[in-house]
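The values are calculated or read from the model by the stated rules, or taken from the named source; none is laboratory data. It should be emphasised that the depicted structure is a prediction, and the values quoted were computed from it without experimental measurement. Neighbour counts are summed over all protein chains in view; Cβ atoms, including those assigned to glycine, are modelled from backbone coordinates with ideal geometry. Please note that ligands, DNA and RNA were not included when accessible areas were found on the heavy atoms of the full protein model with its side chains. Shrake-Rupley method; radii C 1.70, N 1.55, O 1.52, S 1.80 Å.
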Amino acid sequence: MTGIFALLFTAMFLVVKYCKKTAKVVLSVMLVLATVYCAVLAIDINRVESFREPIFYIGYYEETGLIEYKGLGYRTVVRYGYTAEDEQKINSIEMYMFDRCIAGAIE
């Protein structure tokens, strides 16, 4: 993920230095949006890998023992179980992008 941020900042430097005014504005806005999206994705991946629910999501689907959070271009599936004291806890959490698992944790 650090490499992606380095590439985005390098692209921003090149756009500012070598492009004309209109192209500079359009490309700068696109690069800022791409950087923000990568930051949001990195934060949610970090939370999934540390066994916590995502922060950034648009909506969710809830079923017994399962919650599916929908983000921008990805989804996170959280499976719950119950302890002996009938407390709800996370059994597994997985993040998918293009139907491929990109992050996950299992207890």
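Counting pairs of alpha carbon atoms under 8 Å apart in space and at least six apart in sequence, what relative contact order in percent does the range 57-107 give?
24
So what J values fall out for the range 25-32 if you push phi through Karplus, 6.51 cos²θ - 1.76 cosθ + 1.60 with θ = phi - 60°, rounded to Hz, Gly and Pro as x?
Result, ordered by residue: 5, 5, 5, 5, 5, 5, 5, 5 Hz.
Have a look at Thr35, Leu72, Tyr96 and report the one farthest towards the positive end of the charge dipole of the chain, computed about the Cα centre with Cβ charges (Lys/Arg +1, Asp/Glu -1).
Thr35
What is the percent carbon and sulfur in the accessible area of the chain, measuring with a 1.4 Å probe over the protein chains and ignoring ligands? Display every interim value, and only then the final one.
Numbers: 4640 of 7380 Å².
Carbon-and-sulfur percentage of accessible area, whole number: 63.
Assigning unit charges at the beta carbon (Lys, Arg +1; Asp, Glu -1) and nothing else, what dipole magnitude in debye, to the nearest 20, does the chain show about its Cα centre?
Roughly 1160 debye, rounded to the nearest 20.
Spin-label point model (7 Å from Cα, Cβ direction): what's the Leu8 to Ala42 distance in nm?
The two pseudo-label positions are separated by 0.7 nm.
Using a basic spin-label model with each label point 7 Å from the Cα along Cα→Cβ, how many nm lie between Glu49 and Cys19?
If labels sit at Glu49 and Cys19, their model points lie 3.0 nm apart.
Taking every eigenvalue of the Cα gyration tensor of the chain, multiplying by 5 and rooting it, what semi-axes result, largest first, whole Å? All intermediate terms of the calculation are to be shown ahead of the outcome.
Working: eigenvalues 286, 33, 17 Å².
For the chain, the ellipsoid semi-axes come out as 38, 13, 9 Å.
May I ask you to evaluate 6.51 cos²θ - 1.76 cosθ + 1.60, the Karplus curve with θ = phi - 60°, for each residue of the range 17-23 and list the ³J(HN,Hα) values in order in whole Hz, giving x for glycine and proline?
Rounded to whole hertz, the list is 7, 10, 9, 6, 4, 5, 5.
In whole percent, what relative contact order does the chain give with Cα contacts below 8 Å and a gap of six or more residues?
About 17 percent, as a whole number.
Using a 1.4 Å probe, what is the accessible area per residue for the chain, in Å²?
Working: 7380 Å² over 107 residues.
In whole numbers, the chain has 69 Å² accessible per residue.
Compute the length gained on full extension between Met30 and Ile58: take 0.36 nm times their separation in residues and subtract their Cα-Cα distance, giving the result in nm to one decimal.
8.0 nm
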